[in-house]
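Undergrad: Structure provided below as structure tokens; questions to follow.
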Amino acid sequence: MDEAQVRREIRGWVGANWDPALPLVEWRRRLVRSGWAVPSWPSRWFGRDLPAWADGVAAGEVLACGAVGLPVGVGAWLAAPTVLTHGPDAVRERFLWPVLTGEETWCQLFSEPGAGSDLAGLSTRAELDGDEWVVNGQKVWNTSAHHADLGMLVARTDWDVPKHDGLTYFALPMRQPGVEVRPLRQMNNHASFNEVFLTDARLPRDHVVGAVGDGWRAALTTLAFERRFGATARPQYGGTGRALEEARAEAEEHFAVYRWYPQRAGRPDLLVEHARVAGAAADPVVRQQTARALAAQRAGGWTAERARAARALGGAPGSEGSIGKLATSVVARQAAAAHAAIAGAAAMLAGADGPLGGVVSEILVSVPAQSIAGGTDEIQRNIIGEKALGLPREPSADRGRPFREVPRNS
């Protein structure tokens, strides 16, 4: 089936089945049953066995027809492809359907305050107690944890093997007494993230994604998709009807915590306007810095296009995601430096009296997050060096040692 045929078939199916008066969940159940929600997936798991490019084509056609596609958020973007990839079948049967229909929402429980960029050095523990796992530890930078039904949890289940071999990936029910979620206030005055404290939290024995002890491999799958979906745009729903109203409310709740993300990326799109408003457009230093940022942005866009082309041909997310992530950090820093050069000391003024109504000051305090979130720049350089360039692995004092013997933060 070629692209033109896919477009014709999805338009025909949506035309015959779309009803904006339906509850959103009922519409999505129809869409998932049809196989057009995720057409590249196996038919056994709600797909149509089509190439990877069919997912983007189908999603675009559904929106173009005025209908609603998959739920927004890390459930459909990260949890679902990880569960599909690693299984086992019992986990696929339990979790894929409700995440595709939006009946269950997810958050990500990876990072820890004591592990930093060394995700494999995490110390949250999960211990088997009969037919349940008991989890104790702390996670941080957990977007949407305050309203998620489930968490993508990576925890340590074996302390007597090297750190990467002792991890297990779980689906953790979030709505239980052992899970405490606290919001974190950022220096840009937003509160997009949470910290999560796990105290004797419990989950069924079979809520393991992949296999016990194989959590690192599943986590890498999630991280690869995170780099791919990091800049996913907010869908625009027009028209009236219950399904559309509920979809708009869903998107509003999800994207509310990301209001400052354009500033995190440095706002290179505002550089020319800022220079003109400030009367600095003719300044040779400003012009040079602006050109450098915009050139880097253009080059990063080409890298992203190559990554999308590779995915369309069926390739798994690879080091292109790390290259794109690192390029985004470079663009953000260069754009922030250019905004600071344009505004001078006034760049420190927050609020309506500041340059561009305070946007510039928010850029300066938000951009550092770009080099940390979703994997630090240093980690991306390691991935690029080892996976793309074939360079030797970074020396490690703990490689091969049982994690119990590895010195770590207390």
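Undergrad: Taking region 53-71, which residues are in contact (Cβ under 8 Å) with a residue 60 or more places away in the chain and within 30 Å of A211 (Cβ to Cβ)?
TA: P71
Undergrad: OK, next. Failed condition for A219, given (1) of a type in the set (A, V, I, L, M); (2) under 18 Å from the mean Cα position of the chain (by Cα); (3) surrounded by fewer than 21 Cβ atoms within 10 Å (Cβ to Cβ), with all others met?
TA: (3)
Undergrad: Starting from region 190-207, keep only residues that are buried (at least 18 other Cβ atoms within 10 Å of the Cβ), then list their pairs with residues that are part of a loop (DSSP other than H, G, I, E, B) and among the hydroxyl-bearing types (S, T, Y) whose Cβ atoms are within a distance under 7 Å, requiring at least 6 positions of separation or different chains.
TA: Sorted first by the residue in region 190-207, then by its partner, the pairs are S192/T143; F193/T143; L198/T124.
Undergrad: I'd like the full set of residues that are part of a strand (DSSP E or B) and closer than 14 Å to Q108 by Cβ, limited to region 205-243.
TA: Within region 205-243, V209 is the sole residue that qualifies.
Undergrad: Does any residue of region 84-94 turn out to be crowded, with 23+ Cβ neighbours inside 10 Å, modelled with pLDDT of 95 or more and in a helix (DSSP H, G or I)?
TA: No.
Undergrad: Could you tell me which of the residues I363, I342, I384 is more than 20 Å from G114 (Cα to Cα), in contact with a Gly (Cβ under 7 Å, 6 or more places away or on another chain) and either modelled with pLDDT under 95 or in the same structural domain as G301 (by TED's automatic domain parsing) (or both)?
TA: I363
Undergrad: Now for a different question. If I ask for residues that are among the hydrophobic types (A, V, I, L, M, F, W, C) and without any contact (Cβ under 8 Å) to a residue 60 or more places away in the chain, which ones from region 377-410 would you list?
TA: L389, L391, A397
Undergrad: May I ask you to verify whether A115 is of a type in the set (G, A, S), under 26 Å from A369 (Cβ atoms), at pLDDT 95 or above and more than 17 Å from the chain's Cα centre (by Cα)?
TA: So A115 fails the test.
Undergrad: With the condition kept exactly as written, say whether any residue in region 223-235 is in contact with a helix residue (DSSP H, G or I) (Cβ under 8 Å, 6 or more places away or on another chain), among the β-branched types (V, I, T), surrounded by 15 or more Cβ atoms within 10 Å (Cβ to Cβ) and closer than 17 Å to L78 by Cα.
TA: For region 223-235, residues in contact with a helix residue (DSSP H, G or I) (Cβ under 8 Å, 6 or more places away or on another chain), among the β-branched types (V, I, T), surrounded by 15 or more Cβ atoms within 10 Å (Cβ to Cβ) and closer than 17 Å to L78 by Cα: absent.
Undergrad: What number of residues in region 310-333 are crowded, with 19+ Cβ neighbours inside 10 Å and basic (K, R)?
TA: 2
Undergrad: What number of residues within region 33-52 satisfy the criterion of being touching a residue at least 60 places away in the same chain (Cβ under 8 Å) and farther than 14 Å from G314 by Cβ?
TA: Counting residues in region 33-52 that are touching a residue at least 60 places away in the same chain (Cβ under 8 Å) and farther than 14 Å from G314 by Cβ gives 2.
Undergrad: Give the residue, chosen from A307, A373, A369, A295, that is surrounded by fewer than 19 Cβ atoms within 10 Å (Cβ to Cβ), farther than 16 Å from E273 by Cβ and of a type outside the set (S, T, N, Q).
TA: Only one candidate passes the filter, namely A295.
Undergrad: Do we have A291 as modelled with pLDDT of 95 or more, within 17 Å of A337 (Cα to Cα), over 18 Å from the mean Cα position of the chain (by Cα) and not assigned by TED's automatic domain parsing to the domain that holds D55 here?
TA: yes
Undergrad: Can you tell me how many residues in region 171-204 are in a loop (DSSP other than H, G, I, E, B), basic (K, R) and touching a strand residue (DSSP E or B) at 6+ places or on another chain (Cβ under 6 Å)?
TA: Here the count works out to 0.
Undergrad: Does A148 satisfy being closer than 30 Å to L100 by Cβ, at pLDDT 95 or above and part of a loop (DSSP other than H, G, I, E, B)?
TA: yes
Undergrad: Restricting attention to region 85-108, does a residue exist that is more than 24 Å from V179 (Cα to Cα), touching a Ser or Thr at 6+ places or on another chain (Cβ under 8 Å) and not charged (D, E, K, R)?
TA: yes
Undergrad: Checking S123 against (1) touching a strand residue (DSSP E or B) at 6+ places or on another chain (Cβ under 9 Å); (2) within 30 Å of I372 (Cα to Cα); (3) assigned by TED's automatic domain parsing to the domain that holds R29: exactly one of these is not met. Which one?
TA: Every condition holds for S123 apart from (3).
Undergrad: While we're on this one: Among the residues of region 1-60, how many are in a loop (DSSP other than H, G, I, E, B), at pLDDT 95 or above and either crowded, with 20+ Cβ neighbours inside 10 Å or not acidic (D, E) (or both)?
TA: So the answer is 17.
The values are calculated or read from the model by the stated rules, or taken from the named source; none is laboratory data. Note that the structure is a prediction, hence the values are computed from the model and not measured. All Cβ positions, even for glycine, are placed from backbone atoms using ideal geometry, and neighbour counts span all protein chains on display.
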